[in-house]
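*Asks:* The structure under discussion is supplied below as structure tokens; questions concerning it will follow.
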Amino acid sequence: MAEIKIDSKVFQERLSHFITAWKSDKRSGDALFAGASSIVILMGKVDEEPEFYKNNAMHFWLLGYEFPTTLMLFTLDTLYILTTQKKAKYLYQIKGGRIPVEVLVRGKDAAENEKLFVKITDAIKAAGKKVGVLTKDNSKGPFIDEWKKTFAENCKDVEQVDIAQALSAGAFSVKDEAELRAMRTSSKACVALLTPYFLDEMSDILDQDKKIKHSALADKVFGKIEDTKFWKTVELPNRQKMPSDFDPEQLDWILGPIVQSGGKFDLKWQSDSDDQPLHPGIIIAAMGLRYKSYCSQIARTFMVDPNKSQESNYKFLLAVHNLILKEIRDGVAVKDVYNKAYNLIKSKKPELEKHFLKNVGYGIGLENKDPTLILNGKNSRTLRDGMTLCITTGFSDIQNPDPQDKNSKVYSLVLTDTIRVTPNEVVVFTGEAPSDADATSFFFKDEEETQPTPKKEKRDSRVGAVATKNITSTRLRSERNTAPDEDAEKRRRAHQKELAAKKQKEGLTKYAESTADKNGVEVKKFKRFESYKRDNQFPPKVRDMGIVIDQKNATIVLPVMGRPVPFHINTIKNASKSDEGDWSFLRINFLSPGQGVGRKDEQPFEDASAHFVRSLTFRSMDGDRYADIANQISNLKREAVKKEQEKKDMEDVVEQDKLIEIRNRRPAVLDNVFIRPAMEGKRVPGKVEIHQNGIRYQSPLSTTQRVDVLFSNVRHLFFQPCQNELIVIIHLHLKDPILFGKKKTKDVQFYREATDIQFDETGNRKRKYRYGDEDEFEAEQEERRRRAELDRLFKSFAEKIAEAGRNEGIEVDMPLRDLGFNGVPNRSNVYIQPTTECLIQITEPPFMVITLEDIEVAHLERVQFGLKNFDLVFVFKDFNRPPAHINTIPVESLEDVKEFLDSSDIAYSEGPLNLNWSVIMKTVTANPHQFFVDGGWGFLQNDSDDEDGSEEEEEESMFEISESELEEASESSEDDSDYDSNASAEASDEAEMSEEEEGEDWDELERKAKKRDRESGLEDEDRGSKKARKR
């Protein structure tokens, strides 16, 4: 120990900091230190593989070294250190500071040693009746046993309290600059061993199809910290090298390295790498290092030939991990961070809820795991600037729906990073190791499978595989055969029964008994309003004991029994003025329970025994003043209602992060485009720029007229070519609405008109001398060329947006026009087109974007013989979201719509009536569990399953629209149709014939055929005569 040199300045600074925190806690009520007036830190014999606990950490934090068989006693004014002669000579150099340090030296005389222990116990008793200890300290050895015996004999009246959390909060958790520098270096060493070293080793093994055990691969990484040449030459993913003052000799392992694959995963890191062979599938690598006593950890999941489910779950894991990092900042409670992540999983992917880890990390530093700073849903401790955390986000033991082999049936996903808490965004020390899906996915299959295909072809082929029936060779719908294909209908029915059973099972699983009332109707609460907190806030005019309208505080002050009484505008229903003779009366009506006026004004009973003022009436000879007061109250009420509605409308609007602009180069730009929704002011084209984390639309009128959309808020990106359209479009559908001027929107669109309006077809000089088909043909060719160039330009820019936002999973989607149909989603009849993931209409505002994965079921309404149109209703998985309606779809599209829904695995049903969906959804949300117990969406299937017009008793449903409304709808539809009343008779005759017994002879069949020919001929004549009479 001859080289030991303790930094006395750092020692005194940290000791003063600790004592100050202790004194501060005593002044504020002993919440942290539990009233301890002295603190004992014990160190026994050091094990061969020492664990870092708080007693070790205290030695390293103050002294920079560990001193075995040493006792430290802290009081508010002195530090006592009891140790051996050999160690004491190094401790003398820390004496003489602001806080006195007394070093007591043990020798070989047992009696003298006992006297020293007694001196320590006397100091404890002199300090107070509570001593802070580490209750979970498991130090061992004769030194510890001797102390415990002396303490038990001399300190019987002294209470021991646990100060583990106090040491964490007052000493270890918030790091100074020197500590943070050591943690950064430790984290860089972790990154260097994981990427590139481990990653390169693993890639070579998989690429060459070698067999290697987990433990053998881990041993390779384990021995690498001894390789000084590696540390001098290693290049980190950001092209940087290790710091120039980096000393590999001070590196040590605290975790692993751990390698896991083949279906056996332990995300608690409690077991070492086993002897099972590395399995090409999901591979997890985790490791932790200590540098200059400070720890850091890292873990990544690598996916080899992942399926769609695994890719989707990994992208979701990344989203949860990023949310946790976003939520962590100075002043936030630990449990709030965990609960935010848990709620995201519960709302977006509830099936992963049971696989989510019980905590998302812990404090790290001198200890490789601070047990007082576990990031779970129960820890109420507050995060502080300077804290360092190990964030671990993971899903354990997920069932693989498409396993490659027996070792791929179960898999886990995890991400671990070491971070620093700041007042704003966290600093991710291990962030240089990439974690996005592209960097962690490997594909080793045949070249044909690994060759990237253009996104458009990929999407078209995918849809074609499930919906080739919908792509026809004819251009016009009138040329298609609208008669239903019996085989296709039979196949659809079988598939729909499977989907309906699956939906029912999922509903019963999702809404278990215990969650029955969570989606119920919101219980109304009695709202309370506060106009003034103190009497001196009243307007000065109240001294006149008149009616005062306080616009600023939205309050009406009324004189009652000689006193001014304030009433908030939200407690007033209305005010009216009336005249009787010379007197004018002002009546003010209040909102109170039990009025039964309407659901909007209905107030809940909070206290059944309470009395409520329904109205107050005042009279005066000054009728004009009362008219003015009534008018002011009405205007104030109108403004209050408007503000309340605006506040309600803006509840789901999110405030986006700031756009990070590209400074070192010119961003990709698409110029001369218009934006929808339109910006205020003159309509002029602007430009769209792609920046680091989003895109920006800039108007040329003003630098303040701009719209920023972050990639993290983009859910879908669409490119619609100008073929068969007047405009070419890039459309962004957002996850959360943003504020656009004074309104909110979830859709932002950039477009350019495809028609060339710069040339006047009538006044162009060329047309004066050139006429005929040749000129028109040239113009058409020019138009086609211009449209093709526009499509190429916009598609290229859309792909650049997708490339820039690939970390957020953004891909370009194109509508499939061949599978589209006409309908009325809002007020106008538009052409609706499916894409791979959505059903969209983005040509005319208001836009419609329905994500297919959000749909619970679809229902076809007004499907009955004779009607020219039918309606389509989508019910969403979020039952609180209103169903989406697409009305007046031509009946010629019925088979195409059914085939599209069936090929998209959407359960659908059909019926002859329009249903009252507001009542249905109220029933569902009131008790989802009971709804699915009673059969769920089966009540919609009843009409679909009725075949051959079976006569059953029709019970009037509470969900059906009244008969008068139905008759009006039927009359309006029948007036427009060419429906022939004789058609039903012919259909019924054919049905009867089909039911006749088989086995008739040829003569009988021929006789019947002639009879039918004669009857049909007569009917044709009758029909012709009727038409003649009509004319």
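The values are calculated or read from the model by the stated rules, or taken from the named source; none is laboratory data. Just so it is clear, the structure is predicted and the values come from calculations on it, not from any experiment. Virtual Cβ from ideal backbone geometry, glycine too; neighbours counted across all protein chains shown. For accessibility, only protein heavy atoms count, side chains too; no ligands or nucleic acids. Shrake-Rupley method; radii C 1.70, N 1.55, O 1.52, S 1.80 Å.
*Asks:* Roughly what % of DSSP beta bridges within the stretch 33-168 run antiparallel, to the nearest 5?
*Replies:* Around 45 percent of the beta bridges assigned by DSSP in the stretch 33-168 are antiparallel ones.
*Asks:* Let me ask something else about it. Calculate the spin-label point distance for residue 89 paired with residue 339, positioning each point 7 Å from the Cα along the beta-carbon direction, and give it in nanometres.
*Replies:* Placing both labels 7 Å beyond Cα along the Cβ direction yields 5.9 nm.
*Asks:* Do any trypsin sites (Lys or Arg not before Pro) in the stretch 641-687 lie in a loop, going by DSSP, with at most 11 other beta-carbon atoms within 10 Å of their beta carbon, and if so which?
*Replies:* Loop-located and lightly packed - 658, 663, 665, 682, 683.
*Asks:* Please identify the trypsin sites (Lys or Arg not before Pro) of the stretch 221-304 that satisfy two criteria: DSSP loop assignment and at most 15 other Cβ atoms within 10 Å. Which are they?
*Replies:* 239, 241, 264, 268
*Asks:* I would also like to ask the following. In what sequence, highest mean first, do 180-190, 708-718 appear when ranked by Cβ atoms within 10 angstrom?
*Replies:* Values: 180-190: 23.3, 708-718: 20.4.
Descending mean neighbour count gives 180-190, 708-718.
*Asks:* Please compute the modelled spin-label separation between residue 706 and residue 534, points set 7 Å along Cα→Cβ, answer in nm with one decimal.
*Replies:* 4.5 nm
*Asks:* With the cut-off at 27 Å, tell me which of the pairs 346/800; 340/502; 643/744; 87/292; 637/877 have Cα atoms farther apart than that. Walk me through the intermediate numbers first.
*Replies:* Numbers: 346/800 33 Å; 340/502 30 Å; 643/744 15 Å; 87/292 21 Å; 637/877 37 Å.
Going by Cα-Cα distance, 346/800; 340/502; 637/877 fall outside the 27 Å limit.
*Asks:* Estimate the FRET efficiency between residue 380 and residue 30 by the formula 1/(1 + (r/R0)^6), using the beta-carbon distance for r and 25 Å for R0, to the nearest 0.05.
*Replies:* The calculated FRET efficiency here is 0.90.
*Asks:* For the stretch 663-669, in order, what is each residue's ³J(HN,Hα) by Karplus, 6.51 cos²θ - 1.76 cosθ + 1.60 with θ = phi - 60°, in whole Hz (x at glycine and Pro)?
*Replies:* Here the 3J(HN,Hα) series is 9, 7, 8, 7, x, 5, 10 Hz.
*Asks:* Can you pull the percent of the stretch 812-883's accessible area that's carbon plus sulfur, 1.4 Å probe, other chains left in place? Spell out each step's value before the answer.
*Replies:* On the way: 1180 of 2620 Å².
It is 45 percent, rounded to a whole number.
*Asks:* Using 1/(1 + (r/R0)^6) with R0 = 45 angstrom and r between the beta carbons of residue 78 and residue 425, what's the FRET efficiency to the nearest 0.05?
*Replies:* 0.60
*Asks:* Set the Förster distance to 22 Å, then compute FRET efficiency between residue 844 and residue 646 from the Cβ-Cβ distance, nearest 0.05. It would help to have the intermediate numbers written out before the result.
*Replies:* On the way: r = 27 Å, r/R0 = 1.21.
My answer for the efficiency is 0.25.
*Asks:* Let me ask something additional. Show me, for the stretch 894-902, the HN-Hα J-couplings you get by feeding each phi into the Karplus relation (A = 6.51, B = -1.76, C = 1.60, θ = phi - 60°), rounded to Hz, glycine and proline as x.
*Replies:* Taking θ as phi minus 60°, the curve returns 4, 5, 5, 5, 4, 5, 5, 4, 5 Hz for the stretch 894-902.
*Asks:* Still on this structure, I have one more. Take 506, 226 and sort them by solvent-accessible surface of the protein heavy atoms, 1.4 Å probe, largest at the top.
*Replies:* Of 506, 226, the descending order of accessible area is 226, 506.
*Asks:* Please tell me the relative contact order of the stretch 805-948 in percent, rounded to the nearest whole number, where contacts are Cα pairs under 8 Å and at least six residues apart.
*Replies:* Working: 218 pairs, mean separation 26.9, N = 144.
Averaging sequence separation for qualifying contacts and normalising by length gives 19 percent for the stretch 805-948.
*Asks:* Here's something else I'd like to know. Quote to one decimal, in nm, the extra length available between residue 208 and residue 235 on full extension: 0.36 nm per residue of separation minus the C-alpha distance between them.
*Replies:* Going from the current span to full extension adds 7.3 nm.
*Asks:* Now a separate question. Determine the share of the stretch 61-156's accessible area contributed by carbon and sulfur atoms, expressed in whole percent, with a 1.4 angstrom probe. Write out the running numbers ahead of the final one.
*Replies:* Values: 2530 of 4900 Å².
Within the stretch 61-156, the accessible surface is 52 percent carbon and sulfur.
*Asks:* Let me ask you something else. Go through the stretch 728-733 residue by residue and turn each phi into a ³J(HN,Hα) via Karplus (6.51, -1.76, 1.60, θ = phi - 60°); whole Hz please, and just put x for glycine and proline.
*Replies:* 10, 10, 10, 10, 10, 9
*Asks:* Something else now. Using every Cα-Cα pair within the stretch 199-313, state what percent have a distance larger than 18 Å.
*Replies:* That fraction is 57 percent.
*Asks:* May I ask you to compute the full-extension gain from residue 4 to residue 800, defined as 0.36 nm times their residue separation minus their alpha-carbon distance, rounded to one decimal in nm? Provide the component values of the computation, followed by the final result.
*Replies:* Values: separation 796, 0.36 × 796 = 286.56 nm, distance 5.84 nm.
So the extension gain works out to 280.7 nm.
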